[in-house]
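S.K.: Input: one structure, supplied below.
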Amino acid sequence: MNNYKILIAEDNILQAEAISKILLDVNIECTIVNSGIGVIEEYYSDYYNLIPLDILMPKMNGLVASKEIRKSNSIIPIIGFSSIPYQEIEQELADCGINDYLTKPRKLSDLKTKLQSYFKAAA
């Protein structure tokens, strides 16, 4: 899996570090940003295979960032995550082009499993 690059958008530094560690354990390169604006800037500056992003971030939330990415790329998988129950934002996620969702607090093993399923599908 070492040919994959992930762009992670997470404003909680502890969560971001934990996600980064999981990815390093399975030899996946990642870049971490802490805002929706950071997602857009980094997305347009490099190539990524997958974008997990927090829905509730400062400066620009994940929903708006996803809509912006979808203007130029309808294929890249975007996994949203938030403490908001899925049923409450299901339509918004679909409208923004978010492919999948995890509710916080999540087990990091759940995230690892979900990410690995995307990479297996891509292979």
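The values are calculated or read from the model by the stated rules, or taken from the named source; none is laboratory data. A quick note: this is a predicted structure, and the numbers were derived from the prediction, not measured. A quick note on method: Cβ atoms are made from the backbone with ideal geometry, for glycine too, and the neighbour counts reach across all protein chains shown. Protein only, heavy atoms only, side chains kept; ligands, DNA and RNA dropped before computing areas. Shrake-Rupley method; radii C 1.70, N 1.55, O 1.52, S 1.80 Å.
S.K.: Using all Cα-Cα distances in region 59-108, what percent lands in each 5 angstrom bin from 0 up to the longest?
M.R.: Per 5 Å bin, starting at zero, the Cα-Cα P(r) for region 59-108 comes out as 5, 21, 32, 23, 14, 5, 0 percent.
S.K.: Now for a different question. Report the equivalent ellipsoid semi-axes for the chain in whole Å, largest first, defined as the square roots of five times the eigenvalues of the gyration tensor built from alpha carbon atoms. List each step's numbers first, then the result.
M.R.: Values: eigenvalues 73, 54, 43 Å².
Equivalent-ellipsoid dimensions as semi-axes: 19, 16, 15 Å.
S.K.: Here's something else I'd like to know. Starting from the Cα gyration tensor of region 1-61, take the square roots of the eigenvalues, sort them a ≥ b ≥ c, and report rounded, prolate or oblate (rounded when a/c is under 1.5, otherwise prolate if a/b is larger than b/c, else oblate).
M.R.: On the way: a/c = 2.74, a/b = 1.33, b/c = 2.06.
Taking the square roots of the gyration eigenvalues as a ≥ b ≥ c, region 1-61 is oblate.
S.K.: In deg cm²/dmol, rounded to 500, what helix-only [θ] at 222 nm does the chain give when every DSSP H run of at least 4 residues adds -39500 (n - 2.57) and the total is split over its residues?
M.R.: Numbers: 5 runs with 57 residues, N = 123.
After summing the helix terms and dividing by residue count, I get -14000 deg cm²/dmol.
S.K.: Measure off, as a whole percent, the carbon and sulfur share of the 1.4 Å-probe accessible area of the chain, all protein chains present.
M.R.: Details: 3300 of 6560 Å².
Carbon-and-sulfur percentage of accessible area, whole number: 50.
S.K.: Right, something else. Considering Cα pairs under 8 angstrom that are at least six residues apart, work out the relative contact order of region 1-60 and quote it in whole percent.
M.R.: On the way: 97 pairs, mean separation 28.7, N = 60.
Here the relative contact order equals 48 percent.
S.K.: Here's something else I'd like to know. Given a cut-off of under 8 Å on Cα pairs at least six residues apart, what relative contact order in percent is computed for region 71-115? Kindly include the intermediate steps, with their values, before the conclusion.
M.R.: Values: 37 pairs, mean separation 19.5, N = 45.
With pairs under 8 Å counted, the relative contact order is 43 percent.
S.K.: If you don't mind, another one. Just want the answer: with Cβ charges of +1 for Lys and Arg and -1 for Asp and Glu, which residue in Ile22, Val39, Gln87 is farthest toward the dipole's positive end in the chain?
M.R.: Highest projection toward the positive end goes to Ile22.
S.K.: Pick out which of Ser66, Ser83, Ser20 has the largest mean-square fluctuation in a Gaussian network model of the chain, springs linking Cα atoms closer than 10 Å.
M.R.: Evaluated over the chain, the most mobile residue of the options is Ser83.
S.K.: Over 21 Å between Cα atoms: which of Lys21/Lys104; Lys21/Lys114; Lys5/Lys114; Lys21/Lys112; Lys71/Lys120 fall into that group?
M.R.: Details: Lys21/Lys104 18 Å; Lys21/Lys114 15 Å; Lys5/Lys114 15 Å; Lys21/Lys112 10 Å; Lys71/Lys120 26 Å.
Check vs 21 Å cut-off fails for Lys71/Lys120.
S.K.: Still on this structure, please answer the following. Hey, what's the chain come to in accessible area per residue, 1.4 Å probe, Å²?
M.R.: On the way: 6560 Å² over 123 residues.
Solvent-accessible surface per residue comes out at 53 Å².
S.K.: Mind checking which helices in the chain clear 15 Å along their axis (Cα) and have mean Kyte-Doolittle hydropathy of 0.5 or more, DSSP H runs only?
M.R.: Values: long enough: 13-25 (18 Å, 1.02); 108-122 (21 Å, -0.30).
Those that clear 15 Å and a mean of 0.5 are 13-25.
S.K.: Moving to a separate point now. Run the dipole for the chain about the Cα centre, Lys and Arg Cβ at +1, Asp and Glu Cβ at -1, nothing else charged, and hand back the magnitude in debye, nearest 20. Let's see the in-between values first.
M.R.: On the way: 12 positive and 16 negative charges, 56 e Å.
In total the dipole reaches around 260 debye.
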